Amino acid sequence: MPSTYNGIGTHYYGNRNAESRTGVCQSCGRSVGLKSYNTRLWFVVFFVPIIPLGRKRIIDQCPSCSRHYVYDLDKWETAKQLSISGAMDAYHASPTPEAAIDVHRQLLAFHEVAQADEIGRVMTEKYHDQAKVQAYLADAMMHLGRIQEAQAHYTRAYELRPDLPEPRIGLARRRVLEGKLDEARQLLDFLEKPGAAQLYSLGPLEHLANAYQAARRHEEALHLYRILLEELPPIAQIKSFRKTVQRSEKALGRKETVLPRKEFSLKGIFSGSRPPGGTSLLRKFAVGAAIIVLICAGFAIGNEYIRRHRHVYIVNATGKPANVELTGQPTLQSGGALQELTLPEGEYHVAIRGAAPEEFLLKIGSDYFDRWAGDPIWVINVGGAAVLVEQQVTYARNPPPAEVTWATGNTLEYFPKVTHPFQNLPESLQMKSHEQRVLTSLNVFRGPMSGAVFSLSAKGQAAKALKVAEEHLPRTPQDELLVQAYLDAASAQNELSRAESFLRKGLNLRPLAMQWHRAYQSLAMAAGREDSLANEYDMMVKAEPSAELHYLRGRASGSPAEAESFFARARELNPSLPQAYFASAYSAMSRADWVAALPLAEKAAALKPKDDHYFESLCEVKLALGRFAEVESEAQARLKRLPADVAGGRMLCEAYLAQNRNKEAEAFVGSYARSGETEEFATYLRRYYLYASGDFARLQKDARMDRSNMGRNTLAWALLEQGEIEQACRVCPLDEKAMSDPYYCLAISLAAKLAGQTSTEQHALQRGLELLKRSGSGAGQAAKLFQTEAPLNMAEIESIELPARGKSLILALAAIRHSDQRELLAGAARRLNVSRAFPYHLIQQATKPVPSPDIVP
Amino acid sequence: MTREKFDRLVKEAEAGAAQDDRALRWRILRLAIIGYVGLIGALSAVFIFGLSLIFVGCFLTPPNSGILFSLGGLVLLAGVWNAMGVFWIRLKPPEGIALHRDDAPALYAILDELQRALKAAPFRKVVVSDACNASVYELPRLGVLGWPSHHLVLGLPLLETISAEELRAVLAHEFAHLSKRHGRAGTWIYRLRRSWEQIFRRLNEAPSQQRAFTRVLLIRFVDWFWPRFNANAFVLSRAQEFEADSVATHLAGAHHAANALLRIELNSRLLGERFWPELWRTANEDANLPSDVFLRLRDALRAGVPSATAAQWMEEAFLAVNSNQDTHPCLAARWTAMGRNRQRPASGVSTSWMGAVEPSAAETLLSPMLNRIRLDLERRWRKDAEKPWRDMHAKAQSLKARLETIDLARDRVETDLEIAWDKALTIIDLQGDLAAEPVLRQVLALRPSHPGANFYLGRHLLSLADDQAVLHFTRAMEEDESLTLPASEALLGYYRRVGNTDKIREIEARLDTHETASRTAEQRGMILSRADTFLPHLLTDEQLDSLCGVLCRHLDLVSADLVRKELPPSMRRQLFVLSLHTRRRFLRGPDADEITAIANRLLTTVKLPGRVLIIGPAGTYRAVARKIAALDNVEVYRRV
């Protein structure tokens, strides 16, 4: 049969010389109008005929199932002409009844019904007394569905030859339709005789038996069924026949059946004859069962394959070679490269020799159904040294941010679903627009370890972050960022004493790790061990009188003068030690002695030009001194060198704003957003500008939907500046474990004071002071300012060394607390409040001069 | 290939063999190698094609590679499946009662002695069957690739018929085929031919789904190869039959060897034409299978046939001629080769050659086990015969009932052809041709040309060796072409029996023509081509007038040409080709559908003495129509 797929394939076009007859479709078994016609077969593309594939004669096309016979039209026509003319010739040569029947049969075979009718009429007249001719014509009429005509011929044939089986069967069929079953039976009596099946088809007898059954004459029906069973024993194995017989037996209440036992045949189930009207239920069931068995077998094979092909990876980031032995596997030598093993599920004893020796039991396995669901992998991380980063990325039109999980410190790690083990995820996937797909990669973290530690801390895995940092710090003691990250993690985990003791162990590391010492000093001072710290460093200086140790000893000093002497000595010993200059500059800055601070800050920045902090400090000094143009040009020069430099961007903003060139500042920020630099940097800069310019409404709007830390902080700033203290506290709660910034707490306190929210003010103040005390000697001194109601000593305040902004905030708070010294304290605060970073505007608001009563309207 | 062509090939091979026997062997060897190469090559082509698809798939990317892998895999799978179908054809081992060494030590002693004497391959198994024959079965363990195992089949009727000495000659003949006397190559070719004969017969059967794929590739090769190999190997095999006879003569004596051949010939006929048909005819009356069948068989053999019949059979046995359908030479040739031509039995002593000798080989060699063998064989026969016997009995009952109903109109039998013919057919089915003879004659009295009646009467008369049979067969074939095959085959059997070689050739030629014509019509579907030769129609004026009268009713017809296609002389019915020319339409050529429509209307009205094919200048036969139009004096009608 022609068929097309998406309009491409073969198709019939054309319908000539059509004729139809009523008959039974050989395929679907329905009694329908079967159609025959000439047509042409085409190869079609989108149903457009392209290539003719020949003329065809379609025979008996069923309108229901469209099944048909097809012949080559030319061969059909040739065969038709030869057969019919041959039969006609034979008939003309010898006009016998057989020859006439042959002509008629040929005409019918080739669907020449009209001509067959003509011949049929001649035959009816000419062979009126020939019973076989009449019987043949009757059969032909039945074939054409002309029942009335067929009956007339059957009757005539029966009159002529009552012994002929054909008319008897034809007439009996009619009697059955009329309900005259006994007459029909009489006509079919020859079929009931023993051995009849050897000469005749017993179909009419079954038809009669069924008619008896339908008429509820079950005795007669059963008698006929018994004859059928005797004559045709295989019929007993046909299910439909058995059911029919059983129906009559049941109606008669017979307990014994005439049916033999049904033979079971597996082959028969699959190849059994089709009952009328469709496939047998048992066969359907058997085929279905076979398909299910095949599917189950496929699943079982697939599952077994998965079970036998589990992936185990071995990573070794210890830097030393290690031998990994698994039960039943050859020993693997693990250097730095990743190694992959494919193992069947089970328990394996793992022994690691060499670096980080360890023995443990590796259990690989999962549930039957879990095998289909996940892509699990097992990772043997030698010594737990490698940092594994699992990244879960959602591919969608609007994807959520990727989820990153860190794993380190454990020798054996299990990841239940990793689609890309130790591979990079694709940049993009081709999907449907509504589709969403999640892929997970696992990789060994190769970036700066500080990033991993910061990230772990941010994810609330501070304990793990501490462990990672402690693992890596001895290897990279000069990594200042890692030291800072370690401190943050220790603070978040409230493990400052642990951090201090850890850092103490590394004080003797050489070359000397400056940041390591500084961190240690901060922790010691936060713990209130200033004196012992000074002694400790005295001994170190004595033992090793280096510039660095002098500098560090200066930091440990309780008195600014003593500290300055050590810094000076350090500069003498090593004039190119930037920290020694910056320490002095810092001290001057905290006193708002901007002039004194300038050369020192310039020298420090010159010695360490890449240091953002030094650069920003220098700019702050210059801004305080009103040297805006210099700041502007230096910031622009820096941005030219490093386009994504945060410090340069911030300082340029500050310079513009200090010169009231707000539009230029905004344009600069906007140009940055459009320049294609990192989105994070552009966002930061935009928000910095919005805050610095005092546009808090826009700032709030900008940060409202941002759930990142930066977004939350920025939103909190905007809210605080607008007096929405409670909301700000909800965004960044004071009691949050991660809250480690004392100045933020103090800023809330200040904002609450300005808003008249006393309870929040006190709470925030207490929290801020608590954190301040932990921060070091200068901070501790500052905290003491709030423990007394007595008037403050301005000289003492001046000696407190704190970052200018922090000190400014404390002074602003102090100014509110000590109203009698307000002017003095507020003035000092305003002098220090140079940088427009948060809480610049709060401080400005809190310290603005009180108008004299006489000018109040 | 036709019988005539095969006979020619055999003759050529015989002529070659007469000059140089070695050349014949080499030729057969070459053909055998070609056979192996062809068979394996055809299958290799499938494998190479499948592997090529997979190979190309290796260089492509998914999904194209997957498609090619799948296709290649399917081709390979189909190739393996079909190779299994061709090479691993399971030939059924011969059926019968296995005869072990302990059962028949005397028989095995003869077999061992002959095997040693002839240095022949041993028999894997000896079985006793119900046939009146002895034969060696070779079952190739690897299909066409060979590695045969040998089974000896001894028919109990044969053992009952001949003496132990005569059986020794028979066994010597069979062993000779397996011995080195034929030469290694000769034995191998002999066996190869027999194996391939069975396998190619299976291959040529209607294609099963399993073998259809391979058949397409193999059938053309087999059609070319097999007749050539078979013809050459046939000549060699026949020569080896004579050699085997010579061995039998040498080891058992010419007297015993020749007597065995004659006894087998006559008693086979006795069993085939008398004993078994008569036994089965009892199924008409008795629903139960008869008991002691093989004792009855022995008794029937001992009783023999009337002397006149025996004399006739004896005469016919020596009159029979060689056939190229069977490698075994005719009896006369074998007796002559054995030097026994002058000792031919006189017709008066014919009855002594019929029936069983006493003591028979069965009694001598199987004595203690003979009754058990008879019983086992009978049990086996009963098992096989049970259903056919029951069916035959049931059919007989039904036929009797039918005969009774026909007999109700007994008075019309003599006048009503239809009733007479029904009765004749019923009697033939029930009682055989002999009983139906009077009714058949009644049918022929009513219509002498009745094809069926002529055929059956001919068949009956042929069994009586009545020359009138030929007349009836001829009439039957003239009236009904479908009877050509059975009638010719019956006549062929008869003429072979009486040794009429001219008639044999004539009938074989007729069969060849008939089969070729049928096959060609079947295969081509088209029977006309431009290459055909067309002859003048030779119609009478009256017939032409009648034709023109019909044609002039079709107004679209402009002219008509009529010719006769030249057909082989054996094809009785003429084929007329009527080429129609219709009115030309503006900017349109001849329309095939229009011609077809006119042809359909003319079909039942045109009266010509033969078949008619109506064509036109459009459609499939347009080239033929142009060729006819170019001939002289073919136009029979033109509208004025």
Can you find, among A:199, A:43, A:565, the residue sitting farthest towards the positive end of the charge dipole of chain A, where Lys and Arg contribute +1 and Asp and Glu -1 at Cβ? A:199
Mean per-residue count of partner chain Cβ within 10 Å for B:443-454 equals 1
Heavy atoms of residue B:482 accessible to a 1.4 Å probe, total area in Å² rounded to 10: 80
For the protein assembly as shown, accessible area per residue (1.4 Å probe, heavy atoms of protein chains only), Å²: 49
When ranked by the protection proxy of mean other Cβ atoms within 10 Å per residue, highest first, what sequence do the peptides B:446-453, B:626-633 form? B:446-453, B:626-633
Degrees between helix B:370-407 axis and first principal axis of chain B (Cα, 0 to 90, nearest 10): 40
Treating the beta-carbon of each Lys and Arg as +1 and of each Asp and Glu as -1, no other charges, what is the dipole magnitude of the protein assembly as shown about its Cα centre, to the nearest 20 debye? 1260
Using protein heavy atoms only (no ligands, DNA or RNA), what is the total accessible area buried between B and A, 1.4 Å probe, nearest 100 Å²? 3400
Among the Cys residues of chain A, which have no other cysteine Cβ under 4.7 angstrom away? A:296, A:619, A:653, A:729, A:732, A:745
Give me the accessible area of residue A:717, 1.4 Å probe, in Å² rounded to the nearest 10. 70
Cα→Cβ-extended label distance, 7 Å offset, between residue B:465 and residue A:679, nm: 11.3
Tell me, what is the FRET efficiency for residue A:51 and residue B:535 to the nearest 0.05, using R0 = 41 angstrom and their Cβ-Cβ distance as r? 0.55
What does the extension gain come out to for residue A:434 and residue A:128, with contour length at 0.36 nm per residue minus their alpha carbon separation? 102.2 nm
Let me know the Kirkwood hydrodynamic radius for the stretch A:349-460, please, with Cα pairs as the basis and the value in Å to one decimal. 15.9
Residue (of A:25, A:222, A:628) at the positive-pole extreme of chain A, dipole from beta-carbon charges: A:222
All-pairs alpha carbon distance profile, the stretch A:71-211, 10 Å steps from 0, percent: 12, 36, 30, 18, 5, 0
Normalised by the empirical 2.2 N^0.38 Å for globular proteins, what value does the Cα Rg of the protein assembly as shown take? 1.60
In nanometres, what is the gap between the two model label sites at residue B:58 and residue A:402, each 7 Å from Cα along Cα-to-Cβ? 3.9
Averaged over residues of B:597-604, the number of beta carbons from other chains lying within 10 Å of each residue's Cβ is 5
Please compute P(r) over all alpha-carbon pairs of chain A, binned at 10 Å starting from zero, and give each bin as a whole-number percent. 2, 8, 13, 14, 10, 7, 6, 6, 6, 7, 7, 6, 5, 2, 0
If Lys and Arg each add +1 and Asp and Glu each add -1, what is the summed charge of the other residues whose beta carbon sits under 15 Å from the beta carbon of residue A:55? +1
Just checking the output field for A:90-100: average partner chain Cβ neighbours within 10 Å of each residue's Cβ? 3
Not counting ligands, DNA or RNA, and with a 1.4 Å probe, what is residue A:76's accessible surface area in Å² rounded to the nearest 10? 20
Can you pull a Stokes-Einstein diffusion coefficient for the stretch B:389-534 at 4 °C (1.567 mPa s), Rh from Kirkwood over Cα pairs, as a whole number of µm²/s? 75
Computed E for residue B:584/residue B:379 - FRET, C-beta separation, R0 60 angstrom, nearest 0.05: 0.15
So what are the radius of gyration and Dmax for the Cα set of the stretch B:472-566, in Å? 19.6, 62
Dipole of chain B, positive end: most advanced residue of B:597, B:488, B:79 [Cβ charges, Cα centre]: B:79
Quantify, in whole percent, the carbon and sulfur part of the accessible surface of the protein assembly as shown (1.4 Å probe; protein heavy atoms only). 54
With r defined as the distance between the Cβ atoms of residue B:95 and residue B:367 and R0 fixed at 41 Å, what FRET efficiency is calculated, to the nearest 0.05? 0.95
Cα-Cα pairs of chain B separated by more than 43 Å (percent): 42
What dipole magnitude, in Debye to the nearest 20, does the stretch A:198-264 give about its Cα centre under +1 on Lys/Arg Cβ and -1 on Asp/Glu Cβ? 400
Taking the simple approach of a point 7 Å from Cα along Cα-to-Cβ for both residue B:593 and residue A:114, what is their distance in nm? 1.6
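The values are calculated or read from the model by the stated rules, or taken from the named source; none is laboratory data. These numbers were taken from a predicted model, which means no experiment stands behind them. Cβ coordinates were reconstructed from backbone atoms using ideal geometry, including for glycine residues, and neighbour counts include every protein chain displayed. Keep in mind that these areas ignore ligands, DNA and RNA; they rest on the heavy atoms of the full protein, side chains included. Shrake-Rupley method; radii C 1.70, N 1.55, O 1.52, S 1.80 Å.
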